[in-house]
Amino acid sequence: MKKLICVILIISVLFLFASCNQSEGENGSQAGKKEYTASADEAGYPNPLSQNWEESNNATGARFNMTLKEYTKKFNEMYNSLGGGSQQIDFSGWQLQSEGQIDESGVAYDYYYYSDDMVVLTATVEQKTGKIINLGCGTTVSVFIDEKNTQYQSVILAMTGIMACVAGNYPVDNVTFFSNLYINTIAENNNSFWYNNCIYLLNVEEGETDDESTMLFRIVAASENIEKDWNLVNYKTYMEENTTPPSSQKETTNPVLNLQQETEANFPEEKN
């Protein structure tokens with residue numbers, strides 16, 4: 001089923017960007033709409049403004065130098081600078097889902113979950129330091145592949161890029177670069193990448209139906225040895241070796257991300 005889900009996701013992304021490009025031509029003059037069309041080649045391979053990860057004794061050997069409250073504030077600032085308007089994360093909306101879990105290295109962590117009509121967000125936080133180990137942004141498979149939700153899908157992809165920029169301390173003009181990176185995790189047999197001391201990956205949790213299956217784009221802070229130890233694909237190498245992508249993926253390399261103040265998409269309520 002996982003292979004089928006990946007195929008469906010690839011098809012839905014191709015449809016999404018075909019629709020976005022058509023919409024851009026029809027409505028390109030609309031006031032208040034922010035559009036970012038830089039491809040990975042145009043954006044280059046960005047570096048953080050300053051190092052935002054630090055060593056840790058946890059399972060991946062690193063954490064982001066940022067608390068959940070700091071992340072929420074910076075996420076809202078970047079999201080709104082792209083035209084998000086009143087749509088933002090309310091810090092009080094984070095829910096503690098599990099407390100005092102122990103990872104493979106014996107480090108205790110708490111797991112937080114945030115859900116509204118826009119998105120599902122997750123955060124794993126070291127209990128002792130209060131700093132973030134990894135972050136997630138996602139939805140259900142049925143919502144993401146629904147052809148009626150192109151505006152919502154565009155927002156989700158933009159939010160994954162914002163998540164990566166904020167966590168890694170990159171400037172806002174790299175949002176599309178990281179959205180493209182996450183799009184490439186949808187490719188079959190290649191659902192994770194290594195880039196600048198972070199792991200970028202797509203987790204798909206299969207349910208009985210697409211309504212019960214979830215997809216979560218994640219960013220994980222990691223020490224340098226993790227790339228080799230876990231045999232991760234370096235994203236820069238991947239891009240340089242795939243300068244001419246297969247025809248089925250050509251449209252995924254240059255997305256148009258439109259952030260608007262309103263969305264008509266409905267996200268299913270959290271299930272306890």
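The values are calculated or read from the model by the stated rules, or taken from the named source; none is laboratory data. As the structure is a prediction and not an experimental result, all values here were calculated from the model. So basically every Cβ, Gly included, is an ideal-geometry build from the backbone, and we count neighbours across all protein chains shown.
Miscellaneous remarks
- Flag if Ala62 is modelled with pLDDT of 50 or more and on the phi < 0 side of the Ramachandran plot: yes
- Residue within the stretch 12-24 that is out of contact with any Leu (no Cβ under 6 Å at 6 or more places or on another chain), at pLDDT 50 or above, surrounded by 14 or more Cβ atoms within 10 Å (Cβ to Cβ) and not charged (D, E, K, R) present: no
- None of Thr176, Thr185, Thr214 is closer than 16 Å to Thr140 by Cα and among the hydroxyl-bearing types (Ser, Thr, Tyr) except Thr214.
- Counting the residues of the stretch 95-120 that are free of Cβ contacts under 8 Å to residues at least 24 places away in the same chain, in contact with a Ser or Thr (Cβ under 9 Å, 6 or more places away or on another chain) and within 23 Å of Gly61 (Cα to Cα) gives 3.
- The stretch 43-74, residues that are part of a loop (DSSP other than H, G, I, E, B) and closer than 25 Å to Gln88 by Cβ: Pro46, Pro48, Leu49, Ser50, Asn52, Asn65, Met66
- Yes/no for Glu104 being more than 12 Å from the chain's Cα centre (by Cα) and closer than 28 Å to Asn47 by Cα: no
- Qualifying positions in the stretch 89-111 - surrounded by fewer than 19 Cβ atoms within 10 Å (Cβ to Cβ), in contact with a strand residue (DSSP E or B) (Cβ under 7 Å, 6 or more places away or on another chain) and either in a strand (DSSP E or B) or acidic (Asp, Glu) (or both): Gln95, Leu96, Gln97, Ser98, Glu99, Gly100, Gln101, Ile102, Asp103, Ala108, Asp110, Tyr111
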